[in-house]
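To keep things clear, I will list the structure first and then write my remarks on it.
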Amino acid sequence: MSVGKRLLLLSFSSMIIVIFAPCIGMEFIVPFDLKNTTLQMEIFTRLRLPRVLVAFFAGAGLSLCGMVFQALFRNPLADPFTLGIASGASCGAALTVVLGFTGALLGVPAVTIGAFLGSACATLLLFGFASYRRSTDKLTFLLAGVALSFLFSSLLMFFQYISDPHDSYYIIRWLMGGVEAIGYKALFSFLPFEIIGIIIIFSQLPQLDHLLTGDDIAQSRGVDIKRTRILLLLATTMMVGTIVAVCGPIGFIGLIVPHISRSLFSWKHLWAGPATALSGGVLLVIADTIARTVIAPTEIPVGVITALLGAPFFLWILFHHNGNGKVHEL
Amino acid sequence: MIKRPAKTSDFTPNDYRPACYRWLIWSIIIVYVFCFNCKKNRELLRLNTPKPRIISFAPSITETIYALGAQEHLVGVTDFCTYPPEAVQLPRVGGYINPNYEQILSLKPDITILLKEHGSLIAFLEQHKIGVVKIDNENLAGIFSSISRIGAACGLKERGDSLAAGIESAMKMTTVSLSRKPKILFCVGRDKPGSGTIGKVFLAGPRTFYSELIMRLGGENAVSDSVFAYPSVAGEGIIHLVPDIIIDVMASNKLMDPSKVSADWNELGMLPAVKLGAVYAITGNYISIPGPRIVKIFNDLHRCINDWNVRITLGSACLRFK
Amino acid sequence: MHKRLERTDYPGECMPSLQIANLTFNYEPGKPVIDNLSVVINNGETWSIIGKNGSGKSTLIRCIARLEPVKRGAVFLDTKEILDYSSIEMARKCAYVPQATLRIPPSFTVLEYVLMGRYPYCGFPMRYGSDDRKIAAEAMELTDTVPFAHRSMRTLSGGELQRVFIAGAVAQRTAIMLLDEPVSFLDSMHQEMIHATLDRIHREYGTTLITVTHDINAALQRSTHVLALVAGKQVYAGATQGFLNDAASLLSTIYGITFEKIAGSSSGRAFFMPQKGEVVV
């Protein structure tokens with residue numbers, strides 16, 4: 001099957017899954033069924049649909065960011081979480097909550113702004129470190145990111161620690177992650193930013209291919225790598241910040257989905273980009289559907305299911321599906 | 001072959017090992033038996049000292065000791081013991097997960113009172129021959145017997161027993177006549193309080209003392225069965241529990257505006273509790289402390305249920321007039 | 001046979017030439033890697049840059065390719081300073097082939113990689129058109145890479161990989177091609193193949209080739225001009241014939257050992273062999 005056909009199949013099946021997922025829950029609800037009570041319709045439109053959409057777009061955004069980071073650093077372990085950018089966002093969001101900032105600025109919730117500032121802070125620290133050292137060594141960069149990640153995680157734990165022990169529920173979202181949402185407010189607090197981010201990333205997909213061949217070749221072929229880097233970092237920082245503000249850390253997706261889509265679809269980012277976004281979204285939708293139905297009404301943290309679903313699949317690909325060379329090397 | 005030179009020394013290790021070691025082993029056994037006896041004696045001694053030095057390892061224990069008037073014995077409390085305010089002045093021995101072992105030893109306690117969940121700490125204390133009183137606060141019966149046992153440990157057995165009996169009778173005296181059995185959703189914490197929406201919600205499960213309080217007041221816990229003590233539920237799950245009353249607890253020292261906290265629930269307008277306006281936010285850290293102030297929790301719950309009762313009877317009265 | 005391209009096939013303007021004026025470059029202050037270097041390279045010439053390891057050869061061509069930020073001195077391309085070109089314009093004038101052996105190749109297929117060389121000619125939607133495919137196919141034919149067009153670059157041998165990198169640069173259709181040690185670490189047969197490929201590129205397209213090399217004999221046999229560097233300073237820059245006239249002494253200044261001249265090859269140029277026992281380890 002050609003890559004195009006496979007992508008078509010993926011988009012078709014993800015459409016079906018996204019349409020089908022809101023029907024599943026504690027009871028099966030078919031939309032537009034005349035026998036539905038108003039309560040059922042309300043459950044469908046105000047609870048399940050927004051939740052599925054949040055899961056889809058959050059998954060798509062996080063996995064795209066992972067793909068971008070892996071190409072930018074030519075490192076299979078790079079992702080917003082290992083580089084500390086998501087931890088920065090979590091930390092910013094938790095700090096906003098601990099300091100008691102509520103309300104909104106220009107329609108953007110304070111938590112989202114806090115998370116964005118946190119992720120921007122992490123990105124600036126990371127690149128400030130890199131430009132100070134004039135380091136082009138990607139491994140040093142990755143290690144600096146890991147150090148930052150630990151720094152921000154420990155800051156987050158510190159916030160939790162110094163605040164009242166009974167307050168720990170407040171910031172549990174940024175410790176565990178989840179996509180629970182009621183109504184469309186949560187979705188619309190990050191979707192505009194994500195759309196801008198996706199447009200930027202998709203406009204830079206061919207440049208990402210060139211970055212995989214190495215900075216010097218990319219540059220000699222006319223890729224303005226500085227501009228591409230800045231654009232992509234801006235897009236990913238914005239997306240990670242706004243998504244983490246709503247969903248908290250859902251770490252596994254950004255790391256694994258790009259590898260899966262690269263090996264099942266193509267190494268060319270023009271194909272891998274849409275494939276990553278779609279499969280990341282669908283993976284999170286499936287994981288969340290399982291998380292909220294298996295022992296309903298109690299819910300399992302979605303991160304647990306994502307890892308339980310993704311890890312074996314990833315291992316299978318790692319050992320059996322060796323399409324283009326080794327899956328884990330970039 | 002190279003022959004080794006003969007040993008110049010007269011006695012080889014084999015010569016003196018049996019005699020010497022036998023003595024060593026005997027002396028170890030004697031010392032051990034002696035120490036063991038001493039330990040037993042000392043333990044008895046400590047539990048019977050008229051003025052024991054006590055460390056409390058939970059806010060509920062501290063509050064109980066103060067309620068018994070035995071605070072003179074108290075030499076150490078946890079970081080979280082903030083009630084009564086005098087308790088803050090006492091030396092701190094850390095928190096639940098990070099007890100300060102050095103501080104504990106330096107306070108030279110005779111008795112430590114702690115929860116049965118304090119696994120490694122109990123082992124540490126026993127190793128250092130410090131008296132340990134384990135209490136179990138999981139349910140109401142446990143809480144009452146804890147109070148009696150804390151009294152006994154302080155040497156005030158009668159006072160402890162009467163305090164426990166007093167609390168129990170205070171709860172029995174309150175009789176409730178309700179139009180029907182309300183389903184009560186008891187939310188012990190959630191993310192994003194005051195943000196205008198409901199995310200993850202942690203509920204009191206059927207095996208908690210909150211559930212028992214609800215049942216004593218003639219209500220029914222909306223979470224009828226759960227494997228978890230405090231299951232986490234979101235949107236649709238809450239709707240399926242169909243609560244008549246929502247009690248949203250902000251067990252925090254940071255005072256949040258209760259009206260803002262309860263306003264978050266308007267997002268779930270389809271719930272009977274929200275329709276009736278029976279969403280109650282209770283703020284204050286006593287709610288998570290199963291000590292003598294449990295009466296206060298009980299009274300809060302009582303007030304909520306009474307308010308619901310008024311609302312529902314007025315509601316049905318209105319319907320009748322129509 | 002390959003069609004001969006007309007000069008108008010060049011995207012750039014007529015007669016590209018490269019002028020390096022008083023170029024000084026250093027990574028750390030006070031330690032110039034390239035020291036006050038001035039060379040004029042005319043269109044259609046083939047240059048070899050020789051020198052000891054660490055004499056600044058690779059840095060020089062990286063400076064020309066604008067991969068290193070030049071701070072003192074200037075590099076002019078068609079009378080315009082390279083810093084004034086946009087990235088795309090620069091990529092249409094000058095291609096760079098890095099040392100293939102120093103990198104893990106990307107997982108693209110050979111065809112995908114060569115097509116990516118058409119990047120500077122694609123507009124915003126970034127679709128490679130039929131023209132681009134034709135040019136890429138031509139570049140692959142020229143470099144003998146057609147047989148493994150659909151294999152992943154990860155599976156290629158060193159010689160094959162080097163040719164693929166060259167094919168990518170050919171697809172860029174530039175007037176100048178910079179090559180960093182294209183034949184190092186290759187066996188004689190593959191070295192010869194690379195040389196033949198480069199000759200063909202020069203013959204077919206009239207590309208100016210600037211090659212960093214350690215193979216002095218190949219340099220002296222094949223290139224029209226030689227640039228010799230010692231610790232970042234130029235000791236010779238000009239026609240190969242001029243270098244050959246004084247080769248023995250120049251080579252000993254460059255490498256610090258004496259060379260033996262072996263006269264008489266098919267091309268009429270002499271060979272040079274390092275003398276035995278010169279360097280005491």
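The values are calculated or read from the model by the stated rules, or taken from the named source; none is laboratory data. The structure displayed is predicted, hence computed values, not measured ones. Note: ideal-geometry Cβ built from the backbone for every residue, glycine included; neighbour counts use all protein chains shown. Ligands, DNA and RNA are excluded from the accessible area calculation, which covers all protein heavy atoms including side chains. Shrake-Rupley method; radii C 1.70, N 1.55, O 1.52, S 1.80 Å.
The strands (runs of 3 or more DSSP E) falling completely within segment C:63-182 that include 3 or more residues that are more than 18 Å from A:ASP224 (Cα to Cα) map to C:72-77, C:176-180.
In segment C:129-140, the condition of being open to solvent by less than 50 Å² (accessible area, probe 1.4 Å), at the interface with chain A (Cβ under 10 Å from one of its Cβ atoms) and over 22 Å from C:THR208 (Cα atoms) is met by no residue.
Does at least one position in segment C:33-47 carry a residue that is under 16 Å from C:THR211 (Cα atoms), charged (D, E, K, R) and surrounded by 15 or more Cβ atoms within 10 Å (Cβ to Cβ)?
Yes, there is a match, as at least one residue in segment C:33-47 is under 16 Å from C:THR211 (Cα atoms), charged (D, E, K, R) and surrounded by 15 or more Cβ atoms within 10 Å (Cβ to Cβ).
Taking the criterion of being out of contact with any Leu (no Cβ under 9 Å at 6 or more places or on another chain) and in a helix (DSSP H, G or I), the residues of segment C:202-228 that qualify are C:ARG203, C:ASN217, C:ALA218, C:ALA219, C:GLN221. Output the residue which, of all residues in segment A:201-222 that are surrounded by fewer than 19 Cβ atoms within 10 Å (Cβ to Cβ) and more than 7 Å from chain C (Cβ to nearest Cβ), is nearest to A:LEU72 (Cα to Cα). Among residues in segment A:201-222 that are surrounded by fewer than 19 Cβ atoms within 10 Å (Cβ to Cβ) and more than 7 Å from chain C (Cβ to nearest Cβ), the one nearest to A:LEU72 (Cα to Cα) is A:ASP215. Residues in segment A:92-107: is at least one at pLDDT 85 or above, aliphatic (A, V, I, L, M), within 12 Å of the chain's Cα centre (by Cα) and closer than 14 Å to A:ILE243 by Cβ? No. Has segment C:184-201 got any residue that is within 14 Å of chain A (Cβ to nearest Cβ), open to solvent by 10 Å² or more (accessible area, probe 1.4 Å), without any contact (Cβ under 8 Å) to a residue 60 or more places away in the chain and in a loop (DSSP other than H, G, I, E, B)? Within segment C:184-201 (the criterion being within 14 Å of chain A (Cβ to nearest Cβ), open to solvent by 10 Å² or more (accessible area, probe 1.4 Å), without any contact (Cβ under 8 Å) to a residue 60 or more places away in the chain and in a loop (DSSP other than H, G, I, E, B)), the answer is no, since none of the residues qualifies. Considering only segment B:195-238, state which residues are open to solvent by 10 Å² or more (accessible area, probe 1.4 Å) and at the interface with chain A (Cβ under 7 Å from one of its Cβ atoms). Listed by number, the residues that qualify are B:SER195, B:THR197, B:PHE202, B:SER226, B:PHE228, B:SER232, B:GLU236.
If you go through segment B:262-281 one residue at a time, do you hit one that is more than 21 Å from A:ILE182 (Cα to Cα) and out of contact with any helix residue (DSSP H, G or I) (no Cβ under 6 Å at 6 or more places or on another chain)? No, segment B:262-281 has no match at all.
Restricting attention to segment C:41-50, does a residue exist that is farther than 26 Å from C:ASP199 by Cβ, touching a residue at least 40 places away in the same chain (Cβ under 8 Å) and either hydrophobic (A, V, I, L, M, F, W, C) or assigned to a loop (DSSP other than H, G, I, E, B) (or both)? Spell out the reasoning first.
First, the residues of segment C:41-50 that are farther than 26 Å from C:ASP199 by Cβ: none.
No - not one qualifying residue is present in segment C:41-50.
Exactly one residue among A:SER266, A:SER279, A:SER261 is within 14 Å of chain C (Cβ to nearest Cβ), within 19 Å of A:ILE17 (Cα to Cα), crowded, with 19+ Cβ neighbours inside 10 Å and small (Gly, Ala, Ser), and that residue is A:SER261. If the condition is being in a strand (DSSP E or B) and not aromatic (Phe, Trp, Tyr), then segment B:189-236 contributes B:GLY189, B:ARG190, B:VAL201, B:LEU203, B:GLU220, B:ASN221, B:SER232, B:VAL233. The number of residues in segment A:223-236 being part of a helix (DSSP H, G or I) and open to solvent by 10 Å² or more (accessible area, probe 1.4 Å) comes to 8.
Quick one: count up the residues across segment B:54-81 that are among the small types (Gly, Ala, Ser) and in contact with a strand residue (DSSP E or B) (Cβ under 8 Å, 6 or more places away or on another chain). Please lay out each step first, then the result.
The initial filter retains those residues of segment B:54-81 that are among the small types (Gly, Ala, Ser), namely B:56, B:58, B:60, B:67, B:69-70, B:76.
This time we only want the ones that are in contact with a strand residue (DSSP E or B) (Cβ under 8 Å, 6 or more places away or on another chain), so: B:56, B:58, B:70, B:76.
Residues meeting the conditions: 4.
Looking only at residues in segment C:91-117 that are among the hydrophobic types (A, V, I, L, M, F, W, C) and touching a Ser or Thr at 6+ places or on another chain (Cβ under 8 Å), the one that is surrounded by the fewest Cβ atoms within 10 Å (Cβ to Cβ) is C:PHE108.
Go over the candidates A:GLY248, A:GLY177, A:GLY183 one by one and state the one that is more than 30 Å from B:PHE80 (Cα to Cα) and open to solvent by less than 30 Å² (accessible area, probe 1.4 Å). Explain how you work it out, then say what you get.
Numbers: A:GLY248 fails: more than 30 Å from B:PHE80 (Cα to Cα); A:GLY177 fails: more than 30 Å from B:PHE80 (Cα to Cα).
Testing whether each residue is more than 30 Å from B:PHE80 (Cα to Cα) and open to solvent by less than 30 Å² (accessible area, probe 1.4 Å) leaves just A:GLY183.
Within the set A:PHE101, A:PHE44, the sole residue that is within 12 Å of another protein chain (Cβ to nearest Cβ) and surrounded by fewer than 18 Cβ atoms within 10 Å (Cβ to Cβ) turns out to be A:PHE101.
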